[in-house]
Amino acid sequence: GVQWEAEAALRRLNDPYPLPVSWTAADESLTDPWDSMVKLATEGAGWPAPQGTWGFGPGDLHGTRGGIAEVLARVPTGRLVVLGEPGAGKTMLMVRLVLDLLVRRAAGDPVPFLASIASWNPEEQDLQAWLGSQLLLDHPALAGPPPADRAESTQAGALLAAGLILPLLDGLDEIPEQVRGPAISKINDALRPGEQVVIACRTQQYQEAVRPRGRPEVTLRAAAVELLSLDAGVVRRYLCDDAAGPATRARWKPVLALLGTDAPVGQALRTPLMVGLARMIYNPRPGELAESLRDPRELCQSDLADRRAVESLLFDAFVPAAYRHETDSRWRPQDAEKWLVFLARYLERTIGRPDLAWWQLPLAIPGFALINRIFNGIVLGVTAGILILILTGPVAGVVVGAIAGITAGLTVPIDLPTPVRAVRWRRPERRTVLIGAGTGSVVAVAGYAAGHLFGPKVAAGWVVLGALVGLVVIGLAWLVGQGGDPLEPANATSPLAALSADRRTGIVIATRVGALTGTLFGVGAGGAAGLGDGFAVGFAVAILFVVVNGFGTAAWPYYEITRISLGLRHRLPWSLMRFLEDAHRRGILRQAGAIYQFRHIELQRRLATRDVGKRHVTSEASAGTAE
């Protein structure tokens, strides 16, 4: 609730009031028959007893003014699809649904969880597993152990298994077209008796997924509503009510006269997205003079031949407008726009989905996979070489190190690590202590027995070494078992919080592992070659294992290298995370847990195709013409 209340405030959802959006029942050919849903909800095996008052048919799903929670309650199965054209307001309707459901929620009812489904690959992961990973990403505390009577490994898994999560899945149309139909089938299969779900998708993409030509049809066992275009009168009132006063409202007069007509501006201002951009660009914020802003009359220019031309103008003017009201901002509008264009192109051309996750940013560097393989090869080769050098000699160490490095570079997976949770230290488990004690005892007993051949001093040394080995094994096993949970499971993470927690955890674990491993290697080398050599080997191995575990455990080292590399080439700002936070505060980005997304996928696509230099010339020319 806190997360989405903040997002609604940043999007000015209630300023001056929510833009009224209406919907009607979708084409019945795209949905499950109403009678089938009633029979499933009343006679289905394992379904709970009916509650509330259902509608008598699809005609009862018509609604407006944010009452989508009431519509969901009228559906017998509690499963609903929200359809609409691009910019129709699907995402913000889902945000309102989260907040409304939380207000109505009684103890023991499922908690609504809104997530972008774009990152789900239904061919590799079932819905429940994907939902579990998203819960852990947004709410890291849910990685903690569940109650003792649950078989699941995490609290997130226990919540899902108990049916205490109500998935609200936004952006089904952003899944690749070829797997969209199978994704709907997987959703059908994943839903258990009585479980609810709400899914948002563009109308055309949904129709093509469930009723494809030449391919098997599929039907999501749910009702469906379709968002309607905004009424011209609604748009007129909204733009005028948002204006600061009579002088500002008078600026809209040429535009208001064309609303509800087939003029390009009349067609463009039929969706909440475009109306929201228009008021952001042309209506002043507190402390601004309306005369200093672009004039909305430019939307009526004759050279804007169609709806797409008007929409392009609004997209192009939006980013400069978002930065105009803070003249002392550390980010210059032209630099911010250049960086946003780079990020949009990275999402469009490299990632292929709208989720801007900081831990995946290294993929923006050309040749990253090759660089990572070389690094893995060097690190693992040096590690193996040092180990063999201690046991046998330098020649064997060099040979084995080279072979191990080449093999590792060619075979070790290059997947980027995901953020790790903050460490919460716990007492070692009994099993960990027994493993360490047993290993140390074996080394000590074997060494003591062998020591009789070489004298009591050697035997005593092996006993000491066995004790050290046991302690190191206990320590390493304990470290591997450490996880961590924030104290409050209800707190959703943010990109910056996820980065900070990942950095702290990575440094702590890598340092501990390096110190323990360095001690073990140092003792072994000291026994064979002397105290000085033992200290040198132990220190070198400790540093090496700190680096190895730092890159293997946490995601932040990859992010920092990428941030510096892209900053040196002026592709992104040095303070990247602060820049993204600022862009989110300005409404350019939206936040969903640990990831950012552009305000709308169409804004991302428009930025990805932009020539920034040409845009500035065109923007200044059009602004001058309007003035």
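Computed with a 1.4 Å probe over protein heavy atoms only, the accessible surface of segment 96-175 comes to 40 Å² per residue. Largest accessible area first, the listed residues 253, 90, 39 line up as 253, 39, 90 when surface is computed with a 1.4 Å probe on the assembled protein chains. The mean accessible area for residues of segment 1-48, using a 1.4 Å probe and ignoring ligands and nucleic acids, is 53 Å² per residue. With the simple model of a label 7 Å out from the Cα in the direction of the Cβ, residue 330 to residue 418 spans 3.1 nm. Seen from residue 179, the other residues with C-beta closer than 14 Å to its C-beta sum to a net charge of -3, counting Lys and Arg as +1 and Asp and Glu as -1. Estimated at 0.36 nm per residue, the fully extended path between residue 231 and residue 124 surpasses their Cα-Cα distance by 34.2 nm. Please compute the contact order of segment 32-112 in relative form: average sequence separation of alpha-carbon pairs under 8 Å and at least six residues apart, divided by the residue count, as a percent. This gives 23 percent for segment 32-112.
Distance between the pseudo-spin-label points of residue 49 and residue 241 (7 Å out from Cα toward the beta carbon): 4.3 nm.
In the full protein context, segment 187-311 carries 45 Å² of accessible surface per residue, based on a 1.4 Å probe and ignoring ligands, DNA and RNA. Sorted largest first by accessible area at a 1.4 angstrom probe radius, with every protein chain in place, the residues 311, 43, 70 fall in the order 43, 70, 311. Modelled spin-label separation between residue 211 and residue 396, with each label point placed 7 Å from Cα along the Cα-to-Cβ direction: 7.4 nm.
Carbon and sulfur together cover what percent of the accessible area of segment 34-179 at a 1.4 Å probe radius?
Roughly 54 percent, rounded to a whole number.
Charge tally around residue 25: other residues with Cβ under 13 Å, Lys/Arg +1 each, Asp/Glu -1 each, net -4.
The values are calculated or read from the model by the stated rules, or taken from the named source; none is laboratory data. Remember, it's a predicted structure, so these values are computed and weren't measured experimentally. Note that we place each Cβ from the backbone using ideal geometry, even for glycine, and neighbour counts take in every protein chain shown. When the accessible area is computed, the model is the full protein with side chains, heavy atoms only, and any ligands, DNA or RNA have been set aside. Shrake-Rupley method; radii C 1.70, N 1.55, O 1.52, S 1.80 Å.
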